[in-house]
Every structure is written in C-alpha cells, then in structure tokens.
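The values are calculated or read from the model by the stated rules, or taken from the named source; none is laboratory data. Bear in mind that the values here come from a model prediction, so they are computed numbers and not experimental data. We place every Cβ from the backbone using ideal geometry, glycine too, and count neighbours over all the protein chains shown. We work out accessible area using only protein heavy atoms, side chains counted, and drop any ligands, DNA or RNA first. Shrake-Rupley method; radii C 1.70, N 1.55, O 1.52, S 1.80 Å.
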Amino acid sequence: MAARDDLESENFILPDFQLLEYARSALLEFYLVEQLLQRDSASVIHLSLFWYSISTKVKQTVINLRQKGFHPEANALEEKMKQRQLLMEESGVFHLCLILWPEAVNLPNLQRYANREIEFLVMRQWKKWQKFADIVGLPQEYRTSDPQTDDEKQTNFILSCRSDLMKHVTTGDTAIRTARAHFLRESKIAEEKLKPSKDSKAHAFNLKAYWESIGADIPALYVLYYVLSCCAASEAGVEWFFSTEGLFHDDVRSSISPVITKAVICTRWNHDLVKRQYVREFPMDVQDVEFDE
C-alpha cells in the first residue's frame, strides 16, 4: 500500500526508459572499448578513434538531457568532455591518428589539421629518426649525416608525408583501395561477433595488417604510422610486463633511482650471465648467495 502511495505522489518521477536505454548502450560500448585499449596491440591511433566515437555519443547524450530538462547535468557533462577533448588535441597528433585509420572519419578540416600535425611530429622527432633510421624504417633518400642537407631532407620528408596522406585519403591507389575494402569487410564480421577474438584474423582493429599491406605504396606516411603505433594506448601493457617479470613495487624499488631501476631490470633479464659473472669474481662467497629464478 505504501508503495502505491509513493507511485501516486507528486514527488515520484518515472524514469525515462528511452534515455536509460541510450545510456546503457553508450556505457556498453565504453566498456568494450576499454577492454580493447588494454591490449598490447592497441596504440594511440586506436585511442584517438575510440575517443572520437565515444565523444560523438556523449554529445548526443547532452542533447537528450537538455530535451528532457536536465540542463545542469547536460552542462556539466559537456564541460567535462570539452576539457578531455583539449587534452587529446594537446598531444599534437590527435587528428593525424584519426586520419591514419582506414575507415574515413567525418570531421571537418581533418586533413588540414593532420597536415599541421605531420610537420609538428616530424620536426620534433627528426633527429631521433635519423639516429634510429633502421628501427623506424626511414627511407634511404631521407637519411643524412650532413648537417647542411638535414633541413632539406626534413622538408622533403614532410612534403612526401603530405603527398602520401592525400593518396591514403582519396584511395585512388588500387592497392590502398583493395586493402581498405578488405579491412572494412573484416570489420563487419567482427562487429557481428560483438567482441573481436584475440586470435581471430578477422577483427576490426588489426591496423598492423592493413598498413603492412600498403606501406610500400606510401612509405613516408608509413613511418609516421609505425612510430605512432608503438605508442601504447594505455599502461596496461607496461603493468602486464612488470607483473610477468615479477618487478612489483615495494618500499625499496619505489625509492631507488632510474639508474638502479635499469640495473634491476637488466639483472632480471640476464639472470644466468649475472650469476656466472658473480661466480668468477667472488668464487668463495657463491654458496652464501641465493639466485631466485
């Protein structure tokens, strides 16, 4: 009887089930994205796309809240999203990451912003790329050890990246068009499975396979993809590494310097070599030392 009185009272407001269903759908997608971003293969390219997708849904949620009269809640949510968006853009590669995704993202002036970020990224990382040219796969025509030609090489590389980006966006190249069609076809299969399988060859987020198939056609832009794909989307991979190697935080390790930290990791990875060296240097004390596996 009391429950019936509550229902009939003026203070009781029935929830908007349509709004709740939309929120549930958005939260489910957020949960799946969170799981995907914790994979070792997830990079800042995935993070940028997923953020764009989630933020688009949140914008619609803000509109729905205002239509239902929840203006303070809508304003607070909108302000929080604006702050997060600024943080994403301050990375200097947000739009570039978006445009590197095989499927087109409908964002105004995306290519113009991406071209700016190409110059920002190249100028910031150029010296490192020259030093580790083999690792990042910098094409031979852009490598130099002569300071007098360095600026020219850098400028030519930026222009080549922008030219490759145009080719990537317009998909006029047959190889790129074929690779993109294959990517989108496999993405549809993955969406039907809701959550891509870790071992599945046909999952929507296999960016590596797509770029490896077109890297030879746009080699300058492929360097940018390779560098950005090495930037993990989250710290999950790092945490997994420390957990696997047994490098947990404790009172000692949390207070040691970076030099000692590197020595601890080196010792852990080279256990047998360190043990043999210790035996050679201190043969009489080896019985008193425990080398835990």
Could you give the distance between the Cα centres of region 62-80 and region 123-190, to the whole Å? 42 Å
Residue by residue through region 92-103, what is 3J(HN,Hα) from phi via Karplus (6.51 cos²θ - 1.76 cosθ + 1.60, θ = phi - 60°)? Round to whole Hz and write x for glycine and proline. x, 9, 4, 5, 5, 4, 4, 6, 7, 6, x, 8
Taking placed amide H atoms and a strict 5 Å upper bound, the residues 5 or more places from residue 43 or on another chain that come that close are 233
How much length would be gained if the chain were fully extended between residue 53 and residue 28, taking 0.36 nm per residue of separation minus their Cα-Cα distance, in nm to one decimal? 7.7 nm
Around residue 155, under 12 Å between beta carbons, what's the net of Lys plus Arg minus Asp minus Glu among the other residues? -2
By the scheme Lys and Arg +1, Asp and Glu -1, what is the net charge of all other residues having a beta-carbon under 14 Å from that of residue 134? +3
Using a/c under 1.5 as the rounded threshold, could you call region 57-122 rounded, prolate or oblate? The axes a ≥ b ≥ c are square roots of the C-alpha gyration tensor eigenvalues, and prolate needs a/b larger than b/c, oblate otherwise. prolate
Measure up 131/153; 57/82; 127/208; 57/80 against 20 Å on the Cα-Cα distance and list the ones that go over. 127/208
Which percent of the accessible area of region 104-180 is formed by carbon and sulfur heavy atoms (probe 1.4 angstrom)? 51 percent
Could you tell me the largest-minus-smallest coordinate of the C-alpha atoms of region 85-167 on each of the three principal axes, in descending order and whole angstroms? 41, 28, 22
